[in-house]
Every structure is written in C-alpha cells, then in structure tokens.
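Read through the structure below, which is laid out as structure tokens, and then see the notes.
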Amino acid sequence: MTGTVTGTVTGTVTGTVTGTVTGTATRTSTGAVTGRVLGRRLAPVLLGAAFLAAWQALVVGAGIEPYLLPSPTAIGAELVEVAPLVLQASVATGTNVLVGMLVGAALAVAAAVVAARSRLVDAVVSPTAAALAVMPVVALAPALNTMFGTTSTTPRRVVVAVVVFAPVFVNTLRGLRQVQPVHRDLLRAYAASSGQLARVVTVPGAVPFLFTGLRIASSTGVIAGLVAEYFGGLQNGLGTRITSAAANSAYARAWAFVLGAVLLGLAFYLVTLAAERLVARRRGA
C-alpha cells in the first residue's frame, strides 16, 4: 500500500515537473526565434525610417534648394499625385527588362552548356562574354536606336539582354564545371549515360550558380533598361520620365520616378530570390 502511494505521488510529481519544464523551454525557444525573426524584419525598416528622418532634417535645416535635393515629404506628395504615371512607366520599363532578361538568360545558359562540353566554343564565347560585360550602354543604346528605329522597344530589350548575358553565362559555366570527379566516376561505374549524368549531377550542381547570375542580372538589367531609355525612343518608360521631369525643373517629380525605378529593381530581385528558394525547397536543399 505504501509503495503504491509513493509510486503514484512520485510519478505525478515527476510528470508535472517535466511537463512544466518542457512547456517553459518550448515557449522560451519559440519566443527567442520569434524575436530574432522580428528583429531581422524590423531592422531594415527602422534603418530606412532613420535615413528618411535625417534626410528631411538635413534639407529643412540646411535650407537646401529643391533642384539640389528635394525633401522626402515633397517627393512623397509628388509620388501620390503622379502614381498612375509611375505605375504606367514601371510597366513599360518592366516589360522591356523582363523580355531582355529572359532572352539574355536563355542565350547565356545555352552558350554555357555548349561551352562546358567544347573547349573550342569556350575559347570563343568566354572572351565575347567578357567584352559584352564591359560594353558601355551609353554607346550601345543610340546605335541600336538608329538600327531599329526610335519607335521600337527592341533596342532597349537588346541592351538588357546584352547586359544580362555575361553574369548568367559566367556563373552557369562555372556551375557546370563544379562536378566532383568522384560523383562522375561513380555514375560512370554504374554505366550511366551522358544524359543521366547531366540530370543527376551536373544540372543540379549548376542551379545555385545559375541563380547567382540571375540575381546579379536582375539588378543590372533594370539599370541597363533605364539607361537605354535616356537616349531617345518611346517616351513611356521610367528613364524618359525622369529626364523629362528634370528638364522641366520638376525635381520632386523626377525623384518620384526614381523611387519607382528603385521599387522596380527591388521587385525583380525579390522575384528572382523567391524563385531560387522555391527551387531549393523542391530539391530538398
């Protein structure tokens, strides 16, 4: 009887203490993780707010003229007023960038695949990619406008494709060459075909390198598309809107379109990053 009572009391106390400690530890761990996540998300927001406050204080306190640097409040008010125009121009520029990125990335991946299998092709394409990487957009855009006409969107898309080609080609080619010899030899020992080797080892290993190139290209492509719009052509993109507003001394409006360009570049980068994480999750990385 005494042993039964003692065992019951001991088990009840042990279970209660264990459950309490486990629940407390779980809540503490969950709270710590939640705090870290909130900290990572709030840190850039707080930094941006502090930067805007310092900007506003500098413009107001130092009496800086609008043609030198408009205040954030003036830019925000102008952005609200011209929001439909900013959206329309962002769609026009974004379409050109998207088409140019798709074409440039597709050509770069195809060239990298061929170059990885042929030293002769590599010897020809790699210097070409290096030359394209340093080609000045300010010289290429006017020449393409003359070739295709100022009423065509083709010159701007070609400029983006040229700029995108180099980083995607270089990174993809590097990824295709990162196959570990032991993995290649193992598959060959099992009599795997070239297609099976590419599907199982080569392509999965090159995917992270491909997305590295795409992340770089997502930013440089938007910049190239904007710069290409400065040199004539259709007056419907963010680049032409910026130059037009600045020429008319509407400096706050010009900065509002600059903000639209920043948001456009950020959108391309975030979409590319989300695609990379989705592919990594599907691959179980």
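Let's test the formula: R0 of 25 Å, r as the Cβ-Cβ distance of residue 98 and residue 128. What FRET efficiency results, to the nearest 0.05?
In this case the efficiency is close to 0.55.
Taking all pairs of different Cα atoms in region 95-282, averaging 1/r and flipping that mean, what Kirkwood radius in angstroms comes out?
Kirkwood radius, region 95-282: 18.1 Å.
Can you tell me the FRET efficiency between residue 207 and residue 36 if r is taken as the Cβ-Cβ distance and R0 is 30 Å, rounded to the nearest 0.05?
0.60
What accessible surface, in Å², does a 1.4 Å probe find on residue 277, ignoring ligands, DNA and RNA and rounding to the nearest 10?
Accessible area of residue 277: about 150 Å².
For the pair residue 114 and residue 178, what calculated FRET efficiency results from E = 1/(1 + (r/R0)^6), where r is the Cβ-Cβ distance and R0 = 22 Å, to the nearest 0.05?
The value I calculate is 0.80.
Between residue 274 and residue 154, what length in nm is gained on full extension when 0.36 nm per residue of separation is reduced by their alpha carbon distance?
40.4 nm
Multiplying the sequence separation of residue 281 and residue 50 by 0.36 nm and subtracting their Cα-Cα distance, what value in nm do you get?
This chain segment gains 79.6 nm when fully extended.
With the crude spin-label approximation of a point 7 Å out along Cα→Cβ, what separation in nm comes out for residue 43 versus residue 64?
Modelled inter-label distance: 2.7 nm.
The values are calculated or read from the model by the stated rules, or taken from the named source; none is laboratory data. Just so we're clear, the structure is a prediction, and the values are computed from it rather than from any experiment. As a convention, Cβ positions derive from the backbone with ideal geometry for all residues, glycine included, and neighbour counts pool all protein chains shown. Accessible surface areas use protein heavy atoms only, side chains included; no ligands, DNA or RNA. Shrake-Rupley method; radii C 1.70, N 1.55, O 1.52, S 1.80 Å.
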